[in-house]
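Inspection log for the structure reproduced underneath, given as structure tokens.
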Amino acid sequence: MTGISRRNLLKGAAFSAAGVAALGLAGCAPQTEATKAEAGLAETGETAKHTWEVKPEPIAADQISQTVDTEVLVIGGGYSGSCCALSAAQNGAKTILVEKDAVLNGHGVGGTGAIASRALDDLGLKFDKSLEMERWVSTCGNRCRESLVGKWFRESERCMNWFLDMAEANGANCMVTVGSNSTVHPEIACYHFMSGGPIFEEHTMADFVEYMFEAEALKAGAEFVYEMPAVQLVQDEPGKVTGAICQNKSGEYVQYNASKGVVLATGDISYNDEYIDAFAPVANRVFTRLCSDQGNVGDGHNMAAWAGGAFQEGPWPTMMHPQAAAVFHGPFLFVNPDGKRFMNEAT
């Protein structure tokens, strides 16, 4: 098993004191099933496996303190998870969302993009969908699944108009942000930024949309359960995922059975160095991580892999903000502590 290198230790210190504490805990915490398995491999001289490659033993039925039945189970209360729970509930499904934190985690910063909408119509903005999709695929190095990209281009107008109706009903207004006419990195004006209204005033720019989704989902009959992290997916004999086992604040296991499906919306892997080193090592070159909360540790990725899911081959795409939280940085040069330029400021 790989130990804590000087690079990893210094990187953790650069990110935060909490990062160093986490590294320390990793060294002195009781061994999990995964670490025991890795230790066993090391003793036999075999190559140690990653955490996601070592499936833990299923949690026994006699350890389950409560069983809850639903139709749709959404794991993760971020932008996509809360929106998914809302849509499922509005379409008549009995829906439960479980979130491991005590709050919803918003990283959408009040908006999202769309290739068309009534807000763009009001501004007289029209875009060539085939050209923009070609640019999208090119930017992805042709590694994206074009069927999904095409679905976004077909559906984004309908979804954005749905979003606009909801935002305005909650007192929020939309501002379409300006794109770029650069010949190198052209970018259309398609980001719909929402702000205003009572929910916006109660929360922050970063998370108010998630709480708006929750408020509407509760009206539609959905249930949101906090401090209930999922630890294992439940599978039937052929291997189909039929639910998840979560753990409440008291340490008791609660099994959620979902007759119509389980949605994993557990975020990225930005606070898991094992994943970053394996799939996105370029992220080690930045001095900060995008999200202030440290809950995105790849636990959903682990559960998916243990259930038989396959990962896209690396390197994985990244969303890095090397300039950290600079509200205004203008046309300035970015340098590191050694006075050396380290990024393309056009990003």
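Laid out as a table, the results:
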read-out	value
Sequence-distant residues sharing a close amide H with Q235 (under 5 Å, placed H)	T242
Amide proton proximity set for G111, modelled H, under 5 Å, gap of 5+	M194
Above-threshold pairs, the threshold being 23 Å between Cα atoms, out of K55/K260; K49/K100; K126/K219; K94/K240; K49/K260	K55/K260; K49/K100; K126/K219; K49/K260
Selection of trypsin sites (Lys or Arg not before Pro), region 112-164, meeting DSSP coil and at most 11 other Cβ within 10 Å	K126, R143, R145
Under-5 Å amide H pairs with V176, H placed in peptide plane, nonlocal only	F193
FRET efficiency, 1/(1 + (r/R0)^6) with R0 35 Å, evaluated for V335 and D165 via beta carbons	0.15
Sites T177 and K151 - FRET efficiency at Förster radius 35 Å, r taken between beta-carbons, to 0.05	0.90
Sequence of C159, C83 from largest to smallest accessible area, 1.4 Å probe	C159, C83
Karplus-derived 3J(HN,Hα), 6.51/-1.76/1.60, for each residue of region 95-106, Hz, glycine and proline x	10, 10, 10, 10, 10, 6, 8, 8, 9, 7, 10, x
Estimated FRET transfer efficiency when R0 is 41 angstrom, pair F193-A48 (beta carbons, to 0.05)	0.35
Potential extension, E132-K249 segment - 0.36 nm per residue separation minus Cα distance	37.4 nm
Descending semi-axes in Å of region 98-148, equivalent ellipsoid built from Cα gyration tensor	28, 21, 8
Contour minus Cα-Cα distance for T139 and V103 (0.36 nm per residue)	9.6 nm
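The values are calculated or read from the model by the stated rules, or taken from the named source; none is laboratory data. Please read all numbers here as calculations on a predicted model, not as lab measurements. Note: ideal-geometry Cβ built from the backbone for every residue, glycine included; neighbour counts use all protein chains shown. When the accessible area is computed, the model is the full protein with side chains, heavy atoms only, and any ligands, DNA or RNA have been set aside. Shrake-Rupley method; radii C 1.70, N 1.55, O 1.52, S 1.80 Å.
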